[in-house]
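See structure below.
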Amino acid sequence: MEELTLLPIPLLVWYRENARALPWRGDPTPYHVWVSEIMLQQTRVAAVLDYYRRFLEAAPDVAALAGLSQDQLMKLWQGLGYYSRAKNLQKAAKQIAERHGGVFPNTYEDIRALAGVGDYTAGAIASIAFGLPVPAVDGNVLRVTARITGDSGDISTPAMKKKVTQALAQVIPLDAPGDFNQALMELGATVCLPNGAPLCEKCPVAHLCRAFQEGRTGELPVKGAKKARRVEARTVFLLFHGDSVALRRRPDRGLLAGLWEYPNELADGEDWLERWGLSAALEKAGTGRHIFTHIEWHMTALTAELEGTDLPAGWVWADRAALRDVYALPNAFQSFEQAVLDRLGRF
């Protein structure tokens with residue numbers, strides 16, 4: 001990967017002239033970098049901006065984050081998906097309070113030991129917030145380096161990530177490790193694109209890029225095929241009483257752990273209303289689909305007006321205000337959100 005030895009200077013010049021103005025870059029404290037990096041996992045920058053602002057208003061520091069209730073935390077994260085990220089954020093905040101006296105740790109090893117922090121995130125925080133010369137290798141960086149070096153290895157493998165990390169550790173500039181890591185990420189996000197043709201005419205290191213020189217940008221990087229998702233047919237129950245809809249909290253472990261939801265079960269022919277001790281005439285209320293990483297839900301919604309207010313243990317009634325301000329529902333049920341709001345809006 002000798003091409004990488006010539007990478008830092010042109011890349012840093014380009015970055016300092018073209019970097020997007022992002023709030024966490026303007027004030028790169030360890031806490032700000034950490035929150036932004038966790039939010040940006042599997043999520044586009046444009047989608048994160050408003051969440052980042054609201055999150056810092058509610059939890060401006062480690063102590064405030066550690067003190068949020070579960071419902072407050074989930075409501076702040078509602079719509080971002082991958083909710084285990086938020087739970088690990090709070091778990092890590094409590095670790096910082098207990099192990100480091102509330103002060104964000106300043107070594108790679110201690111940062112890496114925090115809940116929800118992997119090699120990439122630890123490298124990003126260590127380099128950006130503390131100026132430590134540690135690579136931060138994510139999908140963008142793997143794609144960029146594969147094209148620059150012409151490497152046809154599978155970038156989804158741990159071996160390739162380790163190879164790239166070791167190569168970048170040899171060239172990362174000691175006086176600007178954070179800028180270098182961010183420049184690689186920025187190049188991958190805005191120029192050396194993941195979907196569609198890369199914008200090679202705008203690339204500051206095209207003269208170093210073997211994929212560009214050899215006409216192989218469409219072939220690289222090489223990435224192994226993903227495992228097919230499991231499809232689940234589910235029935236979603238939209239159960240109303242007056243101006244409220246029934247919600248239940250999901251289990252503390254597993255998919256969407258701890259979030260509130262419209263009651264739903266596998267579409268297996270079971271009479272769920274009877275099992276729940278409820279009685280009502282159900283009507284079909286629409287269909288929806290949601291794709292998780294490994295599972296795809298195909299949902300059919302049934303709706304009914306319940307005569308009484310009794311619900312199974314752990315369920316709650318939620319009106320429009322409570323849906324807006326208190327209970328965090330995942331995007332999986334977004335297909336039915338408008339129907340619920342329209343129904344509640346009659347009251």
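The values are calculated or read from the model by the stated rules, or taken from the named source; none is laboratory data. Note that the structure is a prediction, hence the values are computed from the model and not measured. As a convention, Cβ positions derive from the backbone with ideal geometry for all residues, glycine included, and neighbour counts pool all protein chains shown. Note: areas computed on protein heavy atoms with side chains; ligands, DNA, RNA excluded. Shrake-Rupley method; radii C 1.70, N 1.55, O 1.52, S 1.80 Å.
In the chain, helices alone account for a calculated mean residue ellipticity at 222 nm of -12000 deg cm²/dmol, with every DSSP H run of four or more residues adding -39,500 (n - 2.57). Rolling a 1.4 Å probe over the protein heavy atoms leaves Asp268 with an accessible area of roughly 90 Å².
Per-residue Karplus couplings for the range 76-81, computed as 6.51 cos²θ - 1.76 cosθ + 1.60 with θ equal to phi - 60°, are listed in order as 5, 8, 3, x, 7, x Hz, Gly and Pro entered as x. When you restrict to C-alpha pairs under 8 Å that are six or more residues apart and normalise by the size of the range 40-96, the relative contact order lands at 37 percent. Computed on the chain, with alpha-carbon pairs under 8 angstrom and 6+ residues apart, the relative contact order is 17 percent.
Among the listed pairs Lys87/Lys161; Lys94/Lys227; Lys87/Lys227, which have their C-alpha atoms separated by more than 28 angstrom in this model? Going by Cα-Cα distance, Lys94/Lys227 fall outside the 28 Å limit.
For the range 220-319, the antiparallel share of DSSP beta bridges with both residues in that region comes to about 65%.
A 1.4 Å probe run over the range 120-224, with the rest of the protein chains in place, finds 41 Å² accessible per residue. Applied to the range 90-102, the Karplus parametrisation 6.51 cos²θ - 1.76 cosθ + 1.60 on θ = phi - 60° returns per-residue 3J(HN,Hα) values of 5, 4, 5, 4, 5, 5, 4, 5, 7, 9, 10, x, x Hz, with x for Gly and Pro. Note: relative contact order over the range 212-286, using C-alpha pairs below 8 Å and six or more positions apart, is 24 percent.
Summing +1 for each Lys or Arg and -1 for each Asp or Glu, what net charge is found among the other residues whose Cβ lies under 14 Å from the Cβ of Gly178? For residues surrounding Gly178, the net value is -3.
What is the percent carbon and sulfur in the accessible area of the chain, measuring with a 1.4 Å probe over the protein chains and ignoring ligands? Walk me through the intermediate numbers first.
Details: 8490 of 16990 Å².
Heavy-atom surface of the chain belonging to carbon and sulfur, 1.4 Å probe: 50 percent.
To the nearest ten degrees, helix 139-149 and the longest principal axis of the Cα atoms of the chain are 30 degrees apart.
Using a 1.4 angstrom probe on the protein heavy atoms only, line up Val13, Val340 by accessible area, largest first.
Descending order: Val13, Val340.
Match the structure shown to one of the listed values (i) 1.17; (ii) 1.07; (iii) 0.95 of Cα Rg over 2.2 N^0.38 Å, computed from it, and give that label. The calculated read-out lines up with (i). In whole angstrom, note down how far apart the Cα centers of the range 298-328 and the range 173-236 are. Centre-to-centre distance over Cα atoms comes out at 43 Å. For the pair Thr29 and Asp271, what calculated FRET efficiency results from E = 1/(1 + (r/R0)^6), where r is the Cβ-Cβ distance and R0 = 45 Å, to the nearest 0.05? The pair Asp271/Thr29 has a calculated efficiency of 0.25. Helix 177-190 axis versus longest C-alpha principal axis of the chain: approximately 60°, rounded to the nearest ten. Overall, the anisotropy analysis places the range 91-244 in the oblate class: the square-rooted eigenvalues a ≥ b ≥ c of its C-alpha gyration tensor yield a/c not less than 1.5, with a/b not exceeding b/c.
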